[in-house]
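Here's the structure, in structure tokens; my notes come after.
All of the numbers you see were taken from the coordinates with simple rules; none came from a lab. Quick caveat: nothing in here was measured; it's all calculated off a predicted structure. All Cβ positions, even for glycine, are placed from backbone atoms using ideal geometry, and neighbour counts span all protein chains on display.
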Amino acid sequence: MTERIVVDDPTDLRVAEFVGLRDQALRGRREAHGGDVAGLFIAEGDLVVERAARAGYRLRALLLDATRTKPLPVDPGDDVPVYAGGPDVIRRITGLAVHRGVMGCFERRPVPDAETVLADVRRVVVCENVANPTNLGLVARSAAALGIDALLLDPTSSDPLYRRASRVSMGEVYALPYAWTSRLPEGLAPLRQRGFEVVALTPDPAADDIGTLAYGSDDRVALVLGAEGPGLSDDTLSAADRRVRIPLHSAVDSLNVASAAAIAIYLLGRR
């Protein structure tokens, strides 16, 4: 059994990497240490920790609830410390009332550029200003489950390795290739260069019914999603090759972006 290092002081410097696990705090730390190339991220819960390790991210430390009795989700090896604290101590360390029993601190790795990620893929989801980590995590989970090859994110979208994003994706985001691009519509340029048809999802009743689209398995298609509420910018809608909508009943004017993404990804993948 892996030896646990008991922590009874939330100010213990050995667990400083776990202090205040709010996504914004982690982002500030990451940007202070070299942007997307360097820094840390936190995986929360057994399955998410296990999938981060399986995806090849290097584990730096684990933090456990001291009352935990079941086996660890990963073998940390001899060089990775495993810290344990009582519920009150962990709550004071992390700032979280719920921590799902185990958290892993992992090292980030360099994020490839858009041209590299798009080189050999056929189906891509592009996010413009999808800033809510929960929504982005749900989009990533649907993308991984329904056959999307990669994510392309503009600078105003959430970080896919944020704690909340990875948690709601159930760790699926770790195995989904992603890249950052410039603000849309300029950020669509790498897709144009690779011959993708750009399909913008919008609730506009004048847009085409997404159910009428038909693509072959070799067709390159990029589905572009906008923020919850405002949706895609006018410039991005104008730059798209096609604008599509999901037909809705009653007086409902739109769907949550994550729900809309799941439906649209399924329809594109089915064909």
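If the chain between Ala189 and Asp88 were fully stretched, how many nm would it gain, using 0.36 nm times the residue separation less the Cα-Cα distance?
Values: separation 101, 0.36 × 101 = 36.36 nm, distance 5.00 nm.
Taking 0.36 nm per residue and subtracting the Cα distance, the gain is 31.4 nm.
For the charge dipole of the chain, defined by +1 on Lys and Arg C-beta atoms and -1 on Asp and Glu C-beta atoms about the Cα centroid, which residue among Phe196, Gly137, Met103 has the Cα displaced farthest towards the positive pole?
So the residue we want is Met103.
Taking only Cα atoms, what is the 0 to 90° angle, nearest 10, from helix 257-270's long axis to the longest principal axis of the chain?
Helix 257-270 sits roughly 60 degrees off the main axis of the chain.
Computed from these coordinates, which is Cα extents along the principal axes in Å: (i) 61, 41, 31; (ii) 82, 36, 34; (iii) 62, 39, 36?
The calculated read-out lines up with (i).
Please compute the modelled spin-label separation between Arg242 and Arg4, points set 7 Å along Cα→Cβ, answer in nm with one decimal.
Going by the 7 Å Cα→Cβ label model, 5.5 nm.
Suppose R0 equals 25 Å. What FRET efficiency, 1/(1 + (r/R0)^6) with r the Cβ-Cβ distance, do Asn256 and Ser182 give to the nearest 0.05?
On the way: r = 26 Å, r/R0 = 1.06.
Efficiency at R0 = 25 Å is approximately 0.40.
In terms of the Cα gyration tensor, with a ≥ b ≥ c the square roots of its eigenvalues, is segment 191-239 rounded because a/c is under 1.5, prolate because a/b exceeds b/c, or oblate?
Values: a/c = 2.35, a/b = 1.39, b/c = 1.69.
Verdict is oblate for segment 191-239.
Restricting to Cα pairs below 8 Å that are 6+ residues apart, what does the relative contact order work out to for the chain? Please round to a whole percent.
On the way: 524 pairs, mean separation 52.3, N = 271.
Rounded, it is 19 percent for the chain.
Within segment 236-271, which residues have the backbone N less than 15 Å from the label spot 7 Å out from Ala206 along Cα→beta-carbon, could you tell me?
Output list for this probe position: 236-240, 242-245.
Full-extension gain between Asp75 and Val19, please, as 0.36 nm times their residue separation minus the C-alpha to C-alpha distance.
Numbers: separation 56, 0.36 × 56 = 20.16 nm, distance 2.32 nm.
Value of the extension gain: 17.8 nm.
Any chance you could give the angle, 0 to 90 degrees and rounded to 10, that helix 23-32 forms with the longest Cα principal axis of the chain?
For 23-32 against the chain, the angle is about 90 degrees.
For segment 172-271, just say rounded, prolate or oblate: build the C-alpha gyration tensor, square-root its eigenvalues into a ≥ b ≥ c, call rounded for a/c under 1.5, and beyond that prolate if a/b exceeds b/c, oblate if not. Working shown, then result.
On the way: a/c = 1.41, a/b = 1.28, b/c = 1.11.
In terms of gyration-tensor shape, rounded.
With charges only on Cβ, +1 for K and R and -1 for D and E, what is the dipole size of the chain about its Cα centre, in debye, rounded to 20?
Working: 32 positive and 37 negative charges, 86 e Å.
Dipole of the chain, to the nearest 20 debye: 420 debye.
Please give the charge dipole size of segment 133-207, origin at the Cα centre, charges +1 on K and R Cβ atoms and -1 on D and E Cβ atoms. Round to the nearest 20 debye.
Details: 7 positive and 7 negative charges, 51 e Å.
The dipole magnitude comes to about 240 debye.
State the extension gain, in nm to one decimal, for the chain segment bounded by Leu213 and Arg58, taking 0.36 nm per residue of separation less the distance between their alpha-carbons.
Working: separation 155, 0.36 × 155 = 55.80 nm, distance 4.15 nm.
Extending this stretch completely gives an extra 51.7 nm.
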